[in-house]
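Right, one structure below, let's go through it.
The values are calculated or read from the model by the stated rules, or taken from the named source; none is laboratory data. Worth saying up front: this structure is predicted, and the values here are computed from it rather than measured. A quick note on method: Cβ atoms are made from the backbone with ideal geometry, for glycine too, and the neighbour counts reach across all protein chains shown. Remember, those area values only see protein heavy atoms, side chains included, never the ligands or the DNA or RNA. Shrake-Rupley method; radii C 1.70, N 1.55, O 1.52, S 1.80 Å.
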Amino acid sequence: MREPPGSSTVIRKVSCFPFCMNFKNRKTGGTHGAQVCIELCMHIKRMPFFFLAAFIRSAGSQQGSYGKWTLSSSEDESEDQGTSSTSSSKVKVSPPPQYPCSDARKESYKRKSNPLKFEEIPGKEPSPAKKPKIDREDSGWCLSSSEDESQQEKTPKLESVGSSNKVEKANLQKERRRSPVSVDKYRTPSDAQDPWDVLQSGEPFCFYLTKVTGVKPKYNTGALHIKDILSPLFGTLVSSVQFNYCIDIAWLVKQYPEEFRDKPLLIVHGEKQESKTRLHEDAHPYENVRLCQARLDMAFGTHHTKMMLLLYKEGLRVVIHTSNLIRDDWYQKTQGIWLSPLYPKLPEGSSSLAGESKTNFRSDLMAYLASYNSPSLREWMDIIKQHDLSETRVYLVGSTPGRFQANDKEKWGHFRLRKILREKCSPIAGVESWHVIGQFSSIGSMGSDQSKWLHSEFSESLKTFGKGVKTLPHSGNPLQLIYPSVDNVRTSLEGYPAGGSLPYSIQTAQKQPWLHTYFHRWKAETSGRSRAMPHIKTYMRVSPDCQELAWFLVTSANLSKAAWGSLEKQGTQLFIRSYELGVLFLPSAFDLPNGTFKVKLNIYSNEGATTGTFPVPFDLPPERYTGKDRPWVWNIPYVNAPDSHGNIWCPS
């Protein structure tokens, strides 16, 4: 529905929503007022019914707890049409992203293009938000009492997040001033540091974070952007492969230096049907781009691996990272990268065993590529065989879709991690009391209680350490899970739209309120990235004083059965839905005498740095959710408090 020409496109002070007929007599004017209100109802109608009441309470008064809000009334239909209606407020309606992506990502893009403004009421101090009822002190969220997975129609009890003190208001205003003026124009974070200096700063682990716009320059000095990775300073590119989930081909091509943009580029993806057609259309203008579809026979599986294979005249490089191939993922998010050494070509006539590392990286990488059963990737397997990968010091931990039994069960997923930790970890005194930390950007369904998967098979894999070492007791929540809270997202550099890359849904969350007792806030002062929301995924085992690490894993795998696998048939079979890939750092592979990594307290400072200090990208120990914290859920509204850009979040 479109408004009559010349009408206002902003709805203000809607005090009678959703009773549109009562809206006729308001000052907005007769039938037009009713029409505008009906449009608002149409917008709200698309929301899940179980939080509609909460939204009405938040948005339905002229002067609610946190002021008034405005909404572009032409937003509903104009996005489908790709144009905006005539508007006195000149709200620009942008089309959705052309590349395939998740619903949460689409919503984020929509809210960035068409923000819903929060407006403070002059002279009125915000009143405290209604305090939600908390079933447990640390649950961080009030949900329906039912944990029965079959009762999906139950309505969760939700309260919108809010602020209630002057200090927070002042801090938010300060954050707004620090925020970039515009997020529409992309600019690559850069500094004067030579790329080789950056590479050297990452030795010996070759683990880096991506650059972030909006943080102090010192926090980007040891970081990389995709343009840095593809720079001719790293090698003379001959051809490349990009494995990923969400891919903007036009943007990706522009990240290559001009002299490399016509080099052969193979893109490995998991798109099907309409999304696959759209991706092929996007690739059509580029004669050098070929597409390879990953086999995805399992329902709800994704091709989530993020890897680059870069073939140079000088050798080969492997890059395993956590970023989608879209602008937003390389802009204001915390992402991780493992950059391999430059692998030289083996001499002619070398043995088939030559070029292997003590971590068996080359064989494991070829086994992973073989799982695609693709002729295009078999060509790259031959290329890998021709290069010397012996300097690799990390272990490959991957997942591929399928059902695996016997010895194959230990090739993939969390059983692959379990096997390495059992066979390769050196003894550490008292390791039984060391905690496991998991940090991720999305969460799958894990059952009605922790015994269904998290505290059984998955926990057992993460707690494995050498042969004959007892596992941790279940008491005391030995797993510490880091996932951004609503307030983390609200005060982030991107504001609420940052939540588009944290696609935890209300449908999943309401089934597992028990999980939220494990949650800890995102805080990364050590890397200057507390306000750069994490899309990185990491898992580690840390000493009680948080000074030492037994191991560290950076991966594409979120906290889900689809990514890590789940047991079937009385534990004899491992079922995995998705492609994932990561690298595991073990002290033994770096010849550290004490068998542990030291935790680097400030990852971009050389003060106190010693050999074997590992750059954990966030602060330790993690901060547990308080009673008022709730995990970010992308598909419910947050309208009681503005984000760092002065907007609210109202998913359509």
- In square angstrom, rounded to the nearest 10, how much accessible surface does ASP388 have for a 1.4 Å probe? 40
- Query: How large is ³J(HN,Hα), in whole Hz, for each residue of region 362-367 in order, when computed from phi with the Karplus curve 6.51 cos²θ - 1.76 cosθ + 1.60 and θ = phi - 60°, using x for Gly and Pro?
  - Reply: 5, 5, 5, 5, 5, 5
- Of 391-400, 232-241, ordering from highest average Cβ density within 10 Å down gives 391-400, 232-241
- Message: With every protein chain kept in place and ligands, DNA and RNA left out, what is the accessible area per residue of region 290-382? Probe 1.4 Å, answer in Å².
- Response: 37
- Scan around SER644 for amide H atoms under 5 Å from its own, H built in the peptide plane at 1.01 Å from N, and keep only partners 5 or more places away or cross-chain. SER492, GLY495, TYR496
- Message: Give me, ordered by chain and number, the residues 5 or more places off LEU116 or on other chains with an amide H under 5 Å from its own placed amide H.
- Response: ILE648
- What are the radius of gyration and Dmax of region 431-556, computed over its Cα atoms and given in Å? 15.3, 48
- Item | Rounded percent of accessible protein surface that carbon and sulfur make up, region 354-493, 1.4 Å probe | 47
- Task: Quick one: of LYS263/LYS409; LYS106/LYS598; LYS254/LYS561; LYS112/LYS254, which pairs are farther than 32 Å apart, Cα to Cα?
- Result: LYS263/LYS409; LYS106/LYS598; LYS254/LYS561
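For the ranges 250-256, 413-419, what's the packing order if you count other beta-carbon atoms within 10 Å of each residue, average per peptide, and put the highest first?
413-419, 250-256
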- Message: Which residue, ASN288, PHE260, PRO204, has the largest displacement toward the positive end of the dipole of region 191-293 when charges sit on each Cβ (Lys, Arg +1; Asp, Glu -1)?
- Response: PRO204
- Task: Could you calculate the FRET efficiency of LEU592 with ARG278 from 1/(1 + (r/R0)^6), where r is the beta carbon distance between them and R0 is 45 Å, rounded to 0.05?
- Result: 0.40
- Query: For region 193-252, what % of the accessible area comes from carbon and sulfur atoms, probe 1.4 Å?
  - Reply: 56
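Regarding region 562-607, what is the average projected area of its C-alpha convex hull, in nm²?
6.2
How big is the dipole moment of region 249-391 about its Cα centre under a simple scheme where the beta carbon of each Lys and Arg is +1, that of each Asp and Glu is -1, and everything else is neutral? Debye, nearest 20, please.
180
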- Taking a threshold of 28 Å on the Cα-Cα distance, which of the pairs LYS272/LYS537; LYS419/LYS537; LYS358/LYS523; LYS345/LYS463 fall above it? LYS358/LYS523; LYS345/LYS463
- Task: Just the number, please: Stokes-Einstein D of region 281-410 in µm²/s, Kirkwood Rh from C-alpha pairs, 10 °C, 1.306 mPa s.
- Result: 95
- Going by average Cβ neighbours within 10 Å, how do the peptides 336-343, 598-605 rank, with the highest at the top? 336-343, 598-605
- Calc'd 3J(HN,Hα), region 329-343, phi into Karplus 6.51 cos²θ - 1.76 cosθ + 1.60 (θ = phi - 60°), Hz, glycine/Pro = x, comes to 6, 10, 10, 9, 10, 8, 10, x, 9, 10, 10, 6, x, 6, 7
- Task: Would you kindly derive the ³J(HN,Hα) couplings of region 480-489 from the backbone phi angles with the Karplus curve 6.51 cos²θ - 1.76 cosθ + 1.60 (θ = phi - 60°), listing them in order in whole Hz, with x for Gly and Pro?
- Result: 10, 10, 9, 8, x, 7, 4, 5, 4, 5
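Over region 261-382, what relative contact order in percent results from Cα pairs under 8 Å that are six or more residues apart?
About 17 percent, as a whole number.
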- Distant-in-sequence amide H partners of VAL599 (H built 1.01 Å from N, under 5 Å): GLU548, LEU549, PHE614
- Item | Largest-first ordering by accessible area, 1.4 Å probe, given options GLU258, GLU423, GLU410 | GLU258, GLU423, GLU410
- What's the extension gain from LYS385 to GLN98 if we count 0.36 nm per residue and subtract their Cα-Cα distance? 99.6 nm
